[in-house]
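Note sheet for the following structure.
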Amino acid sequence: MKIVIIGDGKVGHKLTTQLSEENYDVVLIDQNEGKLKEAVNKLDIFCITGNGADVDVQRQADVPHADLVIACASTDELNMLSCLLAKRLGARHTIARVRNPIYYRQIDLLKEDLHLSMAVNPERTAANEIARVLLFPETSKVETFMKGRVELVEFIVREDSGLSLAEVYRKFQIKILVCAVKRGQKIYIPDGEFILEKGDKMHIVAAHQDLKSFFRALGHRNAKVKKVLICGGGHVCFYLAMQLLQVGMQVKIIEQNMKRCEELCELLPKATVIHGDAANHDLLMEEGIHEADALIALTGMDEENIIMALFAKLQGVNKIVAKVNEDSRAQMVEGLGIDSIVSAKSATADAIMSYVRARNESASNVNVESVYQLLGGKVEALEFIIKCECSFTNVPLRELRTKKNNLIACIGRKRRIVIPNGEDHLEVGDSVVVVTMDHIDKFSDILE
């Protein structure tokens, strides 16, 4: 599969790295020759210096024969124009990163006129991720499958139970499945004999209502988030505040730029907007940080967000989310006890990688619908759609021997969600969630 990426910024670089590691044929276009030299020294890719909206540069990158062109340069206009030209030249599919809320509101019209296969808004994607975590405040990360009917959540074990997973399932009698566990630096795809310990970071897959029942059974009855304090009034804040206000939460925003404060007051009349520096200790105290159920740090600087998150922890705020774009900083922050970290760059790369996998022609009888990376990319959760009868349909799962560190976590059949056991089977039309520590392109890769 030949992929051309326009723009070697944060999203472009992450995508280029992931795609080259998965042995896709990648060409990277950027105007900064120095950045491209660095990329070509580290990655197995081909680089071209130039403007991605230049027809000659696109021809040089062999866009007419590309399976996919991804435009994630610095401006929306450049990305949309690059995709329009790429489609005219003969590229099979195009993806544009579109950040401006005005453009994104009319994206359905733009997609049709520009022949876009997909448009990604990093800030909106990140806001959706934060909103899901606030609706399940016991969790530190929430991913959704099967059009939102199934959730895969990250949950930290707060106390030793001494119970194996099989005993946990018997005790609670709720349809959940623990599909991955991180203990210290080790990662496990656990079986029923696995015993949970305090501090384990586990990933649970279940239907929305079953997850609610599970957390209620654990005693998390009063964890609902009602008052949210957002530090930083950028695009992520705007998309997030809109969602939170719609579900009846109280939202207070602290933003340093006076002009932006005025814009937010017009756009979000139900929110309280404060003009000031959210990194100021006295201001946070004055605006009632200790009364907030959640603090969301969304300024443009990772360091500021980390400091605010740590201060909120000291003040006893129950739910803290920090936007941290730099991967190395995100790993450091985990060790400081801040459970929920969001990155617009990573959320966007995940969305585009799902599309790339879905278009990979190697999967003939099964389509990849979505892909999420868990635990720093060491584990993947993939949703497959079974398109036709094959060797693994209508066979009891106990007879399908899966490779080590691969797990069939969930089956969606019509409107029913199945947490599978050995007696269940797969049928044509099923959605299947697989959790794996291997890199797989097709469902059969998990079978021995």
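The values are calculated or read from the model by the stated rules, or taken from the named source; none is laboratory data. The structure displayed is predicted, hence computed values, not measured ones. Neighbour counts run over all protein chains shown; Cβ positions are idealised from the backbone, glycine included. For the accessible areas, the whole protein counts, side chains as well, though only heavy atoms, and no ligand, DNA or RNA atoms are used. Shrake-Rupley method; radii C 1.70, N 1.55, O 1.52, S 1.80 Å.
Condition first: more than 19 Å from the chain's Cα centre (by Cα) and farther than 27 Å from ASP302 by Cβ. Can you find one or more residues in region 337-351 that meet it? Looking for residues that are more than 19 Å from the chain's Cα centre (by Cα) and farther than 27 Å from ASP302 by Cβ, one finds none in region 337-351, hence no. Annotation: of all residues in region 119-140 being of a type in the set (S, T, N, Q) and under 21 Å from SER82 (Cβ atoms), the one that is nearest to the chain's Cα centre (by Cα) is THR125.
For region 123-149, a residue qualifies if it is in contact with a strand residue (DSSP E or B) (Cβ under 6 Å, 6 or more places away or on another chain), in a helix (DSSP H, G or I) and β-branched (Val, Ile, Thr), and the qualifying residues are ILE130, VAL133. Within region 9-19, the set of residues being of a type in the set (Ser, Thr, Tyr) and open to solvent by 10 Å² or more (accessible area, probe 1.4 Å) comprises THR17 only.
Residues considered: PHE392, PHE384. Of these, the only one that is more than 27 Å from GLN209 (Cβ to Cβ) and either of a type in the set (Phe, Trp, Tyr) or touching a Leu at 6+ places or on another chain (Cβ under 7 Å) (or both) is PHE392. Annotation: ARG329 fulfils all but one of (1) in contact with a helix residue (DSSP H, G or I) (Cβ under 6 Å, 6 or more places away or on another chain); (2) open to solvent by less than 70 Å² (accessible area, probe 1.4 Å); (3) more than 21 Å from TYR239 (Cα to Cα); (4) not β-branched (Val, Ile, Thr); the unmet one is (2).
The single condition among (1) open to solvent by 80 Å² or more (accessible area, probe 1.4 Å); (2) assigned to a strand (DSSP E or B); (3) among the β-branched types (Val, Ile, Thr) that ILE296 does not meet is (1). Residue-level check: of (1) in contact with a Phe, Trp or Tyr (Cβ under 6 Å, 6 or more places away or on another chain); (2) hydrophobic (A, V, I, L, M, F, W, C); (3) more than 23 Å from VAL181 (Cα to Cα), ALA358 misses just (1). The set of residues in region 74-119 being assigned to a strand (DSSP E or B) and crowded, with 23+ Cβ neighbours inside 10 Å consists of THR94, ILE95, ALA96, ARG97.
On the stretch given as region 150-174, residues that are buried (at least 16 other Cβ atoms within 10 Å of the Cβ), touching a strand residue (DSSP E or B) at 6+ places or on another chain (Cβ under 6 Å) and not small (Gly, Ala, Ser) total 7.
Residues in region 50-71 that are in contact with a Leu (Cβ under 7 Å, 6 or more places away or on another chain), buried (at least 17 other Cβ atoms within 10 Å of the Cβ) and not small (Gly, Ala, Ser): GLN58, VAL63, ILE70. The set of residues in region 101-134 being in contact (Cβ under 8 Å) with a residue 40 or more places away in the chain, touching a Lys or Arg at 6+ places or on another chain (Cβ under 9 Å) and aliphatic (A, V, I, L, M) consists of MET118, VAL120, ALA126, ILE130, VAL133, LEU134.
I'd like the residue in region 321-346 that is of a type in the set (A, V, I, L, M, F, W, C) and modelled with pLDDT of 85 or more and, out of all such residues, is farthest from VAL157 (Cα to Cα).
The initial filter retains those residues of region 321-346 that are of a type in the set (A, V, I, L, M, F, W, C), namely 321-322, 324, 330, 332-333, 336, 338, 341-342, 344.
The next check asks that each one be modelled with pLDDT of 85 or more; those that pass are 321-322, 324, 341-342, 344.
Working: VAL321: 18, ALA322: 21, VAL324: 24, ILE341: 18, VAL342: 21, ALA344: 27 Å.
Checking each candidate, the answer is ALA344.
Here VAL142 fits the description: free of Cβ contacts under 8 Å to residues at least 60 places away in the same chain, open to solvent by less than 40 Å² (accessible area, probe 1.4 Å), in contact with a Phe, Trp or Tyr (Cβ under 9 Å, 6 or more places away or on another chain) and within 21 Å of LEU245 (Cβ to Cβ).
Look at ARG149 and say whether it is farther than 19 Å from LEU244 by Cα and touching a helix residue (DSSP H, G or I) at 6+ places or on another chain (Cβ under 6 Å). It is false that ARG149 is farther than 19 Å from LEU244 by Cα and touching a helix residue (DSSP H, G or I) at 6+ places or on another chain (Cβ under 6 Å). Considering GLU38, GLU22, the condition of being under 24 Å from ASP327 (Cβ atoms), open to solvent by 10 Å² or more (accessible area, probe 1.4 Å), under 28 Å from the mean Cα position of the chain (by Cα) and free of Cβ contacts under 8 Å to residues at least 60 places away in the same chain is satisfied by GLU38 alone.
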